[in-house]
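Data block below; observations after.
The values are calculated or read from the model by the stated rules, or taken from the named source; none is laboratory data. Keep in mind the model is a prediction, meaning the values are calculated, not measured. Every residue, glycine among them, receives a Cβ derived from its backbone with ideal geometry; neighbour counts consider all protein chains shown.
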Protein chains: 2
Amino acid sequence: MDTTRTEIASLGEFGLIEHLTKNNETHQAGTLLSVGDDAAVIDQFGRQCVISNDLLLEGIHFDLMYTPLKHLGYKAVVVNLSDIYAMMATPTHITLALGISNKFSVEALEEFYEGVYAACDKFNVDLIGGDTSSSKAGFVISVTAIGEVAPDKYVTRSGAKVNDLICVSGDLGAAYLGLQLLEREKRIFLENPQIQPDLENQKYLIGRILKPEPRADIVEWLQEANITPTSMIDVSDGLSSELLHICTASDVGCILYEEKIPVHDDARKVAMEFQIGAAACALSGGEDYELLFTVKQEDYEKVARNNNISVIGYITEKSEGANLLTTGGNKHKLTSAGWNAFS
Amino acid sequence: MDTTRTEIASLGEFGLIEHLTKNNETHQAGTLLSVGDDAAVIDQFGRQCVISNDLLLEGIHFDLMYTPLKHLGYKAVVVNLSDIYAMMATPTHITLALGISNKFSVEALEEFYEGVYAACDKFNVDLIGGDTSSSKAGFVISVTAIGEVAPDKYVTRSGAKVNDLICVSGDLGAAYLGLQLLEREKRIFLENPQIQPDLENQKYLIGRILKPEPRADIVEWLQEANITPTSMIDVSDGLSSELLHICTASDVGCILYEEKIPVHDDARKVAMEFQIGAAACALSGGEDYELLFTVKQEDYEKVARNNNISVIGYITEKSEGANLLTTGGNKHKLTSAGWNAFS
């Protein structure tokens, strides 16, 4: 028995993965991209296959008290598809393994599968493997997504170069604020079950957390516009954390303009209500499932014409560090205040 | 809200999967084999890729009280590789997603990964994706295995034909008896923690449950001997249940000879000690990870020469049903007394 005990929290999620996989050896010549990106890439006889695998656990990633099962089924699929799109690849297949507690009925699972199939239909993906098992520990969802990409056309986190523009799709922070609304309504309900939740006016924010949409449209548009991002990642944890992933993997620094970060009006209003900065929600909130990517300067005009894409900063030398320029004109070191599952 | 409530136990594991996936539609022309076999097969630009995804949950699939983490890491990988071999395919890659409770230390996870890497090294497989998350609900392990197979050379559960011979590799029932020994020692230990477990003489049985080996060697031998099984499945639940899967998928019946079922001497002795039939352990025990397959009559002589393969029966018309001929000369209907996770 080893007598040392190192707490997982001392490494954090990303430190932990790095620690455990640093001695990972490659046996297969077809392994093109391994642990450390949104998805892995393997060469299948000259064509390339992109694979991603995520777990969603009850009590960690979702709360069944306010998550309709159909939405959960949809979300479990699309968050995995988002990883495939973040490689500039096209998802084609998923497998789904479930751990199911006894409290579930067949009808409840039917609802969950309705959501799974809705996502499969929308994104033209086949469910090809189903495994179910009982669980003593809440609902456990494991989805593996498989996609395809033309040879060497996948985009990793590691290709950002000095002076590249930092772009992000859609808007950020809304999913986090939607979650805060749901958590508030839950507390109110638990204190007084007679009070019905009033979320009618917050459809946008609630929709962002319960039913995220992966940005297949952005990948398609980039391909049509003949723009190859130099790096790409999906925003699952928060803008800060994702941008730092790109900077670390690409060995560069960055300047991020707070005022350029796209925030939806509804998000801005609710952020004010909760007395938190809207930019903080974007930087550290997570679950937006937008695409964060870098492009060469020469692609600026093309990108600027797309209303669904914001240019929010640029890549610098590593020695300059990763910095946020606030609306007030101050310069702050960007920190990964994103989700640390073990803290 | 739906007002009907159907208990999952009323469908059973296999009934549940069938119920939930019966309306599963195919969008991708490349989907060759979907839900319902050991693994799925997709066509990747003319070459074929085999995919399987399994969950292992603490308290359901393993008990950390008597499962060393290194063994668990090894087993989590090989039970998935076993699904790939059961398609007569060769595993090449795995992804691993973990849900980790706070009680785990980094050192504990290092032990687990040692087992994962040992399996990867032994079977020449690359770990290409790592996802970790915290878990409120014990240790959650999800492995996806990916393999390759020459075009249309994969073997499903559905090709068994009347008069084909039923074959099984290795021996059966030992894993179940190993588990009974561990459970007994656990009870004794919990009643009196001073008593140390005495399992020195039971290395074979304990090894079968804690460190199963997938039958890569059998797949290789079949390929070298130029034998193409007409159907194949791995024995994860129990011989009865697996043979019934083949009969149902192939639309045939079978005769299984009790006296031909291979049982290890150690298993026979311990079965006697526990006062259970050794054949019952083989039929209903599970977790042996041997390969059950059918071959044409003309392959009999080749198969008979391999000491690691037993011919245990033959395939009949469906109308004759699936039957067990006991050593005493009685004929019993084969029932899927295998594992039902929801009962």
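Residues that are among the hydrophobic types (A, V, I, L, M, F, W, C) and touching a helix residue (DSSP H, G or I) at 6+ places or on another chain (Cβ under 6 Å) were ranked within region B:135-164; the one that is farthest from B:Val116 (Cα to Cα) is B:Ala160. Only one of the listed residues (A:Ala304, A:Ala267, A:Ala271, A:Ala225) is free of Cβ contacts under 8 Å to residues at least 24 places away in the same chain, farther than 16 Å from A:Leu334 by Cα and among the small types (Gly, Ala, Ser). That residue is A:Ala304.
When B:Leu165, B:Leu210 are checked against the criterion of being aliphatic (A, V, I, L, M) and either buried (at least 24 other Cβ atoms within 10 Å of the Cβ) or under 30 Å from B:Val106 (Cα atoms) (or both), a single residue qualifies: B:Leu210.
What are the residues in region A:168-186 that are buried (at least 18 other Cβ atoms within 10 Å of the Cβ) and assigned to a helix (DSSP H, G or I), if any? Hits for region A:168-186 are A:Ala174, A:Ala175, A:Tyr176, A:Leu177, A:Gly178, A:Leu179, A:Gln180, A:Leu181, A:Leu182, A:Glu185.
Helices (runs of 4 or more DSSP H) fully within region B:235-341 that include at least 2 residues being hydroxyl-bearing (Ser, Thr, Tyr) and within 21 Å of the chain's Cα centre (by Cα): B:239-250. Picking from A:Ser82, A:Ser34, A:Ser52, which residue would you name as being at pLDDT below 90 and either in contact with a Cys (Cβ under 6 Å, 6 or more places away or on another chain) or of a type in the set (Ser, Thr, Tyr) (or both)? Result of the check over A:Ser82, A:Ser34, A:Ser52: A:Ser34.
The set of residues from region A:137-154 being crowded, with 24+ Cβ neighbours inside 10 Å and in a strand (DSSP E or B) comprises A:Val140, A:Ile141, A:Ser142, A:Val143, A:Thr144, A:Ala145, A:Ile146, A:Gly147.
Residue check: is A:Ile8 closer than 30 Å to A:Gly178 by Cα, buried (at least 22 other Cβ atoms within 10 Å of the Cβ), at the interface with another protein chain (Cβ under 7 Å from one of its Cβ atoms) and over 18 Å from the mean Cα position of the chain (by Cα)? Criteria met by A:Ile8. Go over the candidates B:Ala89, B:Ala150 one by one and state the one that is over 27 Å from A:Ile141 (Cα atoms), among the small types (Gly, Ala, Ser) and more than 7 Å from chain A (Cβ to nearest Cβ). Of the residues listed, the single one that is over 27 Å from A:Ile141 (Cα atoms), among the small types (Gly, Ala, Ser) and more than 7 Å from chain A (Cβ to nearest Cβ) is B:Ala150.
Residues that are β-branched (Val, Ile, Thr) and over 30 Å from A:Thr228 (Cα atoms) were ranked within region A:137-147; the one that is nearest to the other protein chains (Cβ to nearest Cβ) is A:Val140. Among the residues making up region A:33-74, those that are more than 9 Å from chain B (Cβ to nearest Cβ), surrounded by fewer than 20 Cβ atoms within 10 Å (Cβ to Cβ) and in contact with a strand residue (DSSP E or B) (Cβ under 7 Å, 6 or more places away or on another chain) are A:Asp43, A:Leu64. For A:Ile94, the criteria (1) more than 7 Å from chain B (Cβ to nearest Cβ); (2) in a helix (DSSP H, G or I) hold in every case but one, which is (2).
Tell me whether region B:114-126 contains one or more residues that are more than 7 Å from chain A (Cβ to nearest Cβ) and under 30 Å from B:Glu317 (Cβ atoms). No, there is no match, as no residue in region B:114-126 is more than 7 Å from chain A (Cβ to nearest Cβ) and under 30 Å from B:Glu317 (Cβ atoms). Scanning region A:127-136 for residues that are assigned to a strand (DSSP E or B) and either more than 7 Å from chain B (Cβ to nearest Cβ) or not acidic (Asp, Glu) (or both) yields A:Leu127, A:Ile128, A:Gly129, A:Gly130, A:Thr132, A:Ser133, A:Ser134.
Taking the conditions (1) closer than 24 Å to B:Ile94 by Cβ; (2) at the interface with chain B (Cβ under 7 Å from one of its Cβ atoms); (3) acidic (Asp, Glu) in turn, A:Glu107 satisfies each one other than (1).
When the test is whether a residue is facing chain B (nearest Cβ under 8 Å) and part of a loop (DSSP other than H, G, I, E, B), A:Glu13 does not pass it. If you go through region A:289-301 one residue at a time, do you hit one that is at pLDDT 95 or above and of a type in the set (Lys, Arg)? Scanning region A:289-301 turns up at least one residue that is at pLDDT 95 or above and of a type in the set (Lys, Arg). Among the residues of region B:109-125, the one identified as outside any helix (DSSP H, G or I) and either assigned by TED's automatic domain parsing to the domain that holds B:Arg215 or of a type in the set (A, V, I, L, M) (or both) is B:Val125.
Put simply, of A:Cys281, A:Cys247 the only residue that is closer than 22 Å to A:Gly159 by Cα and in contact with a Gly (Cβ under 9 Å, 6 or more places away or on another chain) is A:Cys247. On the given criteria, is A:His19 within 30 Å of A:Phe293 (Cα to Cα), without any contact (Cβ under 8 Å) to a residue 12 or more places away in the chain, at the interface with chain B (Cβ under 8 Å from one of its Cβ atoms) and not aliphatic (A, V, I, L, M)? Here the answer is yes, as A:His19 does meet what is asked.
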